[in-house]
Each structure stands twice: as C-alpha cells, then as structure tokens.
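I have placed the structure first, in the form of structure tokens, so that the comments after it can refer back to it.
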C-alpha cells in the first residue's frame, strides 16, 4: 500500500498546509534530499496551533497527540511541496523539540506520537528514521512540539 | 549583482571571522555541501559577542539586530572559509536558537533579522532556505542567538 | 593508527550500544552519509544513563566527563551499526545539547569533553568536525548532554 493509499485507509484528516510564520521556505530540495523547516501542530482550521508546555499544562498523552498533529501538519506540507507523498524514499532524520518544565524528562515518549504516525503511513522501514528528542523551555507561539525533518526522495 | 557586489552596495561591515570557541572546525565541506558550525553575534572588535535574553533584558527589535549580527558573522566566516561568497549556490537549512524567558514566544520574528539579511545579500531565491526557530533558556557566553547553517556550493 | 587500533592503545572501555529509548532507528545511512540519532551518556551497565544539570548539580568537569561518555556511547553505537569504526571518513557535524540552569554559559567547554575524545580516536583531521553547542533547560531522563552527529563514510 502506498502512503497516499494508507492515508485513505486510516481515514486521516490532514490540516491545511501551514502558512509561513516568518522569512523562510517550507522546504529546500538539494539533489534528492529534502530539508523541511520546523513545523508545529496546526489545527484543522489552518490558522491556529495547539499550545502548551509539558509538565505544566499538558499531560504526556496530550503531548503525544500534539506530536501526532505535528506529523499530520508535516504530511500536509510534504504533499503540498512534493505533490505526492509517494515520492518519499526514506524519512532520514527528525529533530524534535518539546516545550517542557525543568523537571519534565519524557520527551521521547511525547515525540513517539509523531514517529508512530509516520511508521503507520510510510511503514516502519521507510517512515521511522534517526531522531533526536530535546527538551526546551519555550517554543514559538507557545506550541508544545516543533519538528524538522530530512527526507530522501525517490530519484 | 553577486553577493560580494551586494555587500559593497549595501555598505555592510562584516566583523572579523570569529575565533574558535572550542574544539571544532568552523565548517566541514562534504562534496558540495558545507556544514557551518553554530555562530553567535560577534561585534566589530572581533573578540566580544552581543549578550542578552529575549523577554528579560532584550526587546524583539534588539533580538532582530542580534540575529542580523549573527548573519554578518556567518558571512565573515563563509568568506574566510570559502574565499568568496559568490560560491554559494543555495542557503539550504538554518537552525536558529533564541535565548528566551519561559513566556517569550516570538522566536521567528527575532530570527527574521538574520533571514532578511541573507535574502538581501544572496537574493530571496538563494538566500532564504528552510529554517527552524527554537527557544532555549540559555546559550554559550549568554549570547541571545546562535545559528548553524547548511549551504550548497557551486560545484 | 586506525580508530580501532587507537581504542585499544587508549585502553578505552566502550559501554554496550544503547537500547532504543523510543520509536526511531539508531542510524540512517543515506548514500555515504550516516545520520546518528541523539545519544546520551550510557554507563557501563548498558542500562543506566548519567544524570544532572550544569549549574545545578554538576560541575563543568563533571559535565565534560558526561560529554566524553556520550562520545564513548556514540562510538559503541557506530561500531554496532557500521561493524567497524575504520569506515569513518569524516565526522561532519555534531549538534550537542547541554542541560543547564539559566545562568550557565559554558556549554562549549562541556562539549569539548566529547570533541577531544573524537579528536584522539579518529585524529584531529577526521574526528573534529563542525559543531553547535546549545543550552537547554531539560533533556530526556535528566541526562546532562545529548549529541547527534552526521558522519561521512568511506565509499
């Protein structure tokens, strides 16, 4: 099953591809390597982001849902930029930041919400890449999770 | 107009290429892809960095000026390492960290000070790449902004 | 002397290659470029990570020892994934996060503990690459240092 077929089978609703939040491009493709900018959890209205900080006003489960929403937002952005998710050969490397209080240490569990979605859509071999999960005290617009990703495309 | 001509036309003053602040190299070039180390806002004396934290002792406007100064420092480093800014084919991906209080959320606006400079020097097509803007509670030497960048060179 | 010979000569003890701490792969190799996931300072029992925050309950010297331990953990992971450290052509870019209080500014000195180890094992030319050292308020499992690295392999 292709990623595009999988999205239909899973009945996933992608939010609109997010508008730019600053002076940057959503993706730069260098050869067959696509560098996607940091994305947040865009809601289905296409304007509002989920907000919160882990350990303060968000549980691990809510954080996982936010990380999954970042994944859906990235899928929307990939489809808009690439035309088609089936062009993805490999999710290479994801760098994920989780807004956290000083004593919150479960960033990997939170980011799994994103990684598991990508594993389902692309399959574990293609969809699960290398990853770093990092805590931080604050993110743009008070979003709980921001993820950037390097993707290898079919040549 | 080439980037080098643009620097003259804009009457830009680049600080000296910064001395190393630890055990690393300013850039590694792998094929035609150049990975530049994290840079801070070096002042024109070539020794002192701008300092501050957004939301604490620095306004958004001051943060933008610091981000622009990081851009000037990166240009100095690129010229020193590459010989010539005209070798830049594409600014691929920038990862920008902004030292912030817990309730400061305008990291993208701050980092725009860097991105707008690169857009002017290299032109929007080449100079504006993919980007992530991340908050953090502290950076080396109390600098307000640190940026690393991946650059594609003319082969 | 090859890196594998150097490890013997330096009498280095590598910890076991770390188990996965979430939904990701330890490395993705894209062409001859290997992207290693963020690693922490695994202790020799292969289960426990060093913990602490710089400026709070850890000195710079202890942070350097932790950064060196991240380096040993990365070497264990590289050997497990690549079969042999002699396949490394160049350490390209390291991104290092140091768990820090708001007023701790010596992240580069801490990360040097990692960079100096790699300089010894691989030699300064190959082992010391581009680098960013970033502070953050918290890391997974309360580890003091997390480092991800891009490595160019012999083709």
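Between B:22, B:113, B:46, where does the largest GNM mean-square fluctuation fall for chain B, given springs only between Cα atoms within less than 10 Å?
Maximum among the listed residues: B:22.
Relative contact order for chain B: what is it in percent, counting Cα pairs under 8 Å that are at least 6 residues apart?
Values: 322 pairs, mean separation 52.4, N = 155.
Across chain B, relative contact order equals 34 percent.
For a quick check: sort A:50, C:1, A:42 by the number of other beta carbons within 10 angstrom, fewest at the front.
Ranked by crowding around the Cβ, least crowded first: C:1, A:50, A:42.
Nearest beta-carbon of B to the rotation axis carrying it onto A: which residue, how many whole Å?
Of all Cβ atoms in chain B, the one nearest the axis gives B:137, 2.
I need the P(r) histogram for the stretch B:113-155: all alpha carbon pairs, bin width 10 Å from 0 out to the longest distance, whole percents.
21, 47, 26, 6
Convex hull over the alpha-carbon atoms of the stretch B:10-155: what's its volume per residue in Å³?
102 Å³
Let me make sure I get this right: for the stretch A:37-91, a, b and c are the square roots of the gyration tensor eigenvalues over alpha carbons, sorted descending. Under 1.5 in a/c it's rounded, otherwise prolate if a/b > b/c, else oblate. Which is it?
Numbers: a/c = 3.24, a/b = 1.96, b/c = 1.65.
Prolate, since a/c reaches 1.5 and a/b exceeds b/c.
Of all DSSP beta bridges located in the protein assembly as shown, what percent are antiparallel, nearest 5?
Roughly 70 percent of the DSSP beta bridges within the protein assembly as shown come out antiparallel.
Among rounded, prolate and oblate, which fits the stretch A:1-75 when a ≥ b ≥ c are the square roots of the eigenvalues of its C-alpha gyration tensor, a/c under 1.5 means rounded, and a/b larger than b/c means prolate? Write down the numbers at each step before the final one.
Details: a/c = 1.86, a/b = 1.21, b/c = 1.54.
Verdict is oblate for the stretch A:1-75.
Given the C-alpha centroids of the stretch B:9-41 and the stretch B:50-127, what is the distance between them in whole angstrom?
Between the Cα centres of the stretch B:9-41 and the stretch B:50-127 lies a distance of 12 Å.
In the stretch B:77-135, how does Rg compare with the Kirkwood Rh, expressed as the Rg/Rh ratio over alpha carbon atoms?
1.05
Helix C:60-82 sits at what angle to the longest principal axis of chain C, using alpha carbons and giving 0 to 90 degrees rounded to 10?
30 degrees
With angles folded into 0 to 90 degrees, how steeply does helix A:107-122 sit against the dominant principal axis of chain A? Use alpha carbons for both and round to 10.
20 degrees
Given label points at 7 Å from Cα along Cα→Cβ, what nm distances, shortest first, separate residue A:81 from the same residue in every other copy?
For residue A:81, the inter-copy label distances come out at 2.2, 2.2 nm.
Which percent, nearest 5, of DSSP beta bridges in the stretch A:31-153 are antiparallel?
60 percent
How many nanometers, to one decimal and shortest first, lie between the label point of residue A:124 and those of its other copies, if labels sit 7 Å from Cα toward Cβ?
Between copies, matching label points for residue A:124 lie 4.6, 4.6 nm apart.
Given the options B:127, B:71, B:55, state which has the largest fluctuation in a GNM of chain B using a 10 Å cut-off (strictly under) for Cα springs.
Of B:127, B:71, B:55, the Gaussian network model singles out B:55 as fluctuating most.
Most fluctuating residue of B:21, B:52, B:129 in a GNM of chain B with Cα springs under 10 Å: which is it?
B:21
Going by a ≥ b ≥ c, the root eigenvalues of the Cα gyration tensor, does the protein assembly as shown fall in the rounded group (a/c under 1.5), the prolate group (a/b larger than b/c) or the oblate group?
Rounded, because the longest to shortest axis ratio a/c is under 1.5.
At 222 nm, what helix-only mean residue ellipticity would chain B give, in deg cm²/dmol to the nearest 500, using -39500 (n - 2.57) for each DSSP H run of four or more?
So the calculated ellipticity at 222 nm is -10000 deg cm²/dmol.
Values in this text are rule-based calculations from the coordinates and carry no lab data. The model shown is predicted, which means the values in this text are computed figures rather than measured ones. Please note: Cβ atoms are built from the backbone with ideal geometry, for glycine as well, and neighbour counts cover all protein chains shown.
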